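This report concerns only the one structure given below.
All of the numbers you see were taken from the coordinates with simple rules; none came from a lab. Keep in mind that this is a model prediction, so the values were computed, not measured. Here Cβ is always computed from backbone atoms with ideal geometry, including for glycine, and neighbour counts include all displayed protein chains.
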Amino acid sequence: MELGNLGFIQNIIENEGNKSLQSLSTEFGREMSREDCSYAKEERNLLALFRNITSVMLVPKSNNEPFQPLMKMADGSRSALPADLSQNELSILAGRVESINHVALKARIYDLLWICCKPKKPLHAKCAIDLYTKDGIKPDTWRHTGKNEIERAYRLARQLNDIERVTKIENVLIYSFNNDAEDFVDIAYSVAELVENLNALKEHHLKIAERLENLGSSLKSKSYFKDAIRYFELSSRKYKKGSNEDKHVDTLVQAAESYALDAESHFNLDGGSKLIANSLFENAIHAYRKVPAKYRDEYSIDERISKLRHGLNESGKYTLNEMGLFQTPIEGAEERAQLSKEYVAGKISEYEALVYFSGICNVDEYDSLMESEKKSMSTNFLSSFFGSMQYARDGRVIAKTPSVGLGDNEESVNATLFDNMVRTFSYNTKLNVKLSIIPALHQILSEHNFSKSFIFEMCDYSPLIPKSSVHLVSHALWLGLEFEFSTAIHIIAPQLEKIVREQLKKAGAHTTHLDKTGIEHEKGLSTLLGMPESLEVFGQDLLFELTALFTNSIGPNLRNEVAHGLLTDNAAYSEAPIYAWWVLMRMTIHSIITSSEEKGNAG
């Protein structure tokens, strides 16, 4: 790519005026894709270059990687990064940067030159700093771009140990924070938050804390509780850094009071407000718990928490009612149910019918489910921007899935991915029960009678079932054949845990742990399934199925629900216990088949 004339680039910039870099990136991309485009190849390459450098996101917290791709998908694909720039492209930018009349774009180019050019030239960084801070702090652009640019400038100045520029930026920050003009008051918290994150203006901790407290009190008096909470919490941190413990605690309490007042306000409203109130009551309790023990009596913290717990319970009861229920019709349901009946029909013996019945469902394969959810997160990435909460039937929050942004780390992405897999599994479980298991079960029961002794002998023959549990397991399976799934699940959950424990022991795994007093305790099902040996013993597909069904709070969580007496009548008669019964039946049948094959091969 030649250095070329950037006149047409400058024309595009001037037509866009002082719009953001993202707007420029869109316009450069639009010019490239015009059907009547008459640009030469070199000009199109320049358009692509400027589209890419304006598309990257400034993430100023990192000195090493301050720019991140605008788009980063679950499959690893991404949009442009500074590392993609060639030496030729960097030379073009360096040769033409001074001819650019757009301040933000000029700052971006100097910053990219500082990052990418070898050896580094401090002049590039200093030019970027001066351009980032050229107009000081402007309230109308602060939240969109200004805050990130000021932060980047400050970090660059500190990286260069440029005391003069550091001091200049700090003066801009404290002036803007103390400015009583309405538009500056609106961004006061954000400015103070940046000062906190930068660990700047250490000599101003107490003054900043006092102003934040006053602004928070004003907001609280106007019932702007959400904003007041932020001001009080940041004020409390600043008081602590300024070594004023009494004011640190007092502002902690004011933040907690604001949470409580906001919760009560929402609780008294209609239209889904109980759900919000429930979360706010929880936040208020957590906020009061931050108060140190020696201040708890002074502020009557225990009494306040007790009152909030009552509000938490009351709002939780309303939450599930507010959520409502939405169902969509299932396409091809009748055809699938009929195919399930035909699959198990006409078998000669009871055992043959159960063998076919054990294969009636298309069980989710872990790898396929993961790829499907990765693709879903990639194509519908906006759905992952928002976290979610899982509620128990009594209104308690029992699980939370974090939101996933464009630049989040692999751990948070994987956590959200796994939660989505469990949700999809739970949905598929309901379909399998309604359209396969129940229709097929009705069919085999219309053709065969299953005695208790037959089921007992089957379990006794299975190498999977511990000999000490044959009566219990066979009774649970027989109860399912009588459609007594609500009773069966109370046997299945603990016995499934015992089966898992015994299988792991056979594989040489340690299924117990010692407490600090030397007492040996058995590990619970969740811990057992999380052991490395479980993957080897059960395989990835069955391991995920058992985890999603019995121990994950996003799913039915049957082990916990049964063990702690939390299973309600409605839950006991839902699809999950039926599927759990079928899983145990399938595992029993398959263990017999596998054992017979192994004996045959050995013979």
So between ASP140 and GLU210, what do we pick up on full extension, going 0.36 nm a residue minus the alpha carbon distance? 22.7 nm
Provide the per-residue ³J(HN,Hα) series for the stretch 185-190, in order, calculated from phi with Karplus coefficients 6.51, -1.76, 1.60 and θ = phi - 60°, each as a whole number of Hz, with x at glycine and proline positions. 4, 4, 10, 4, 4, 4
Principal-axis tilt of helix 41-55 within the chain, Cα atoms, nearest 10 degrees: 80
Please work out how much length the chain gains when fully extended from LEU431 to GLU371, using 0.36 nm per residue of separation minus the C-alpha to C-alpha distance, in nm with one decimal. 19.5 nm
Pseudo-spin-label distance VAL363 to ASN64, built 7 Å along Cα→Cβ, given in nm, is 4.4
Along the stretch 154-164, Karplus-curve 3J(HN,Hα) (6.51, -1.76, 1.60; θ = phi - 60°) to the nearest Hz, with x for Gly and Pro, reads 5, 5, 5, 4, 5, 5, 7, 6, 8, 4, 4
Separation of alpha-carbon centers, the stretch 444-459 and the stretch 128-146, rounded to whole Å: 77
With θ set to phi - 60°, apply the Karplus curve 6.51 cos²θ - 1.76 cosθ + 1.60 along the stretch 116-133 and write out the HN-Hα couplings as whole Hz, x wherever there is a Gly or Pro. 9, 6, 10, x, 5, 10, x, 4, 4, 5, 5, 5, 4, 4, 5, 6, 4, 9
At 0.36 nm per residue, minus the direct Cα-Cα distance, what do ASN570 and TYR461 gain on full extension? Give it in nm, one decimal, please. 35.8 nm
Relative contact order of the chain, pairs being alpha-carbon contacts under 8 Å that are 6 or more residues apart, as %: 8
Candidates per trypsin sites (Lys or Arg not before Pro) in the stretch 20-108, loop by DSSP, up to 10 other Cβ within 10 Å: ARG34
Options [x] 1.27; [y] 1.15; [z] 1.00 are given for Cα Rg over 2.2 N^0.38 Å, and the computed one is [x]
Greater than 19 Å apart at Cα, pairs in LYS106/LYS147; LYS134/LYS238; LYS138/LYS168; LYS72/LYS147: LYS134/LYS238; LYS72/LYS147
In degrees, nearest 10, range 0 to 90: what is the angle between the Cα axis of helix 532-546 and the longest Cα principal axis of the chain? 90
Using Cα pairs under 8 angstrom and six or more residues apart, how large is the relative contact order of the stretch 166-234, in percent? 24
In terms of the charge dipole of the chain, which places +1 on Lys and Arg and -1 on Asp and Glu at the beta carbon, the residue among ALA181, GLY311, ILE593 farthest towards the positive end is ALA181
Sparse-neighbourhood loop sites, GluC sites (Glu not before Pro) in the stretch 33-134 - DSSP loop, at most 16 other Cβ within 10 angstrom: GLU35
Label ASP186 and LYS506 with points 7 Å out from Cα along Cα→Cβ: what is the distance between them in nm? 6.9
Could you sort 437-449, 142-154, 562-574 so that the peptide with the highest average Cβ count within 10 Å comes first and the rest follow in order? 142-154, 437-449, 562-574
Built amide H within the under 5 Å cut-off of MET57, gap 5+: GLN68, LEU70
Report, to the nearest 10°, how far helix 225-241 tilts away from the longest principal axis of the Cα atoms in the chain, using its own Cα long axis and a range of 0 to 90°. 70
Once you place label points 7 Å from the Cα toward the Cβ at ASP246 and TYR39, how far apart are they in nm? 6.6
